[in-house]
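Undergrad: Could you have a look at this structure, given as structure tokens, before my questions?
We did not get these values from a lab; they are worked out from the coordinates using the rules stated. A quick note: this is a predicted structure, and the numbers were derived from the prediction, not measured. Backbone-built Cβ (ideal geometry, glycine too); neighbour counts: all protein chains shown.
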């Protein structure tokens, strides 16, 4: 009689979490990431803020260390989990030819566009699937674009020939 081994998504995730806990960690591994089928649904939790993880029959529950509300993540919505850094932005994009600079400010959830040479160019913000999610015109030398309305995820802001990849929390 042939013995068949079966693993549930729960045991697979739990095993992966236990295994990753024994792997050497670096200073960049300060977040526990839950990756979903859609990048905009990925969730990250600061390891220092996690009080405990509970694995139920239907979900992983992340309990905060101090106060706050626990977060339940159904197994169906988790493709994988990993420890890693929380990206905020790739360095500021500067185009010396056009005198154009694009910055992302996570604290205020805004894009800052400084354009000395062509103050009436267009800006566009794309999600990781390449869909245009925001656009407008750069008005004057300094333009501030509010990106707080966008869901959490990775985006690319493009102004002229300058692109900036940023992570919106």
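Undergrad: Given 0.36 nm per residue, what is the gain on full extension from residue 129 to residue 163 after removing their alpha carbon distance, in nm? Could the numbers behind the result be given before it?
TA: Working: separation 34, 0.36 × 34 = 12.24 nm, distance 1.56 nm.
Once the chain is fully extended between residue 129 and residue 163, it gains 10.7 nm.
Undergrad: At 7 Å along Cα-to-Cβ for each site, give me the label-to-label distance between residue 52 and residue 152 in nm.
TA: Using points 7 Å along Cα→Cβ, the separation is 2.3 nm.
Undergrad: Over what distance in Å are the Cα centres of the range 33-80 and the range 131-163 separated?
TA: Cα centroid to Cα centroid, the span is 29 Å.
Undergrad: For the range 93-168, just say rounded, prolate or oblate: build the C-alpha gyration tensor, square-root its eigenvalues into a ≥ b ≥ c, call rounded for a/c under 1.5, and beyond that prolate if a/b exceeds b/c, oblate if not. Display every interim value, and only then the final one.
TA: Details: a/c = 1.79, a/b = 1.60, b/c = 1.12.
It comes out prolate by the Cα gyration axes.
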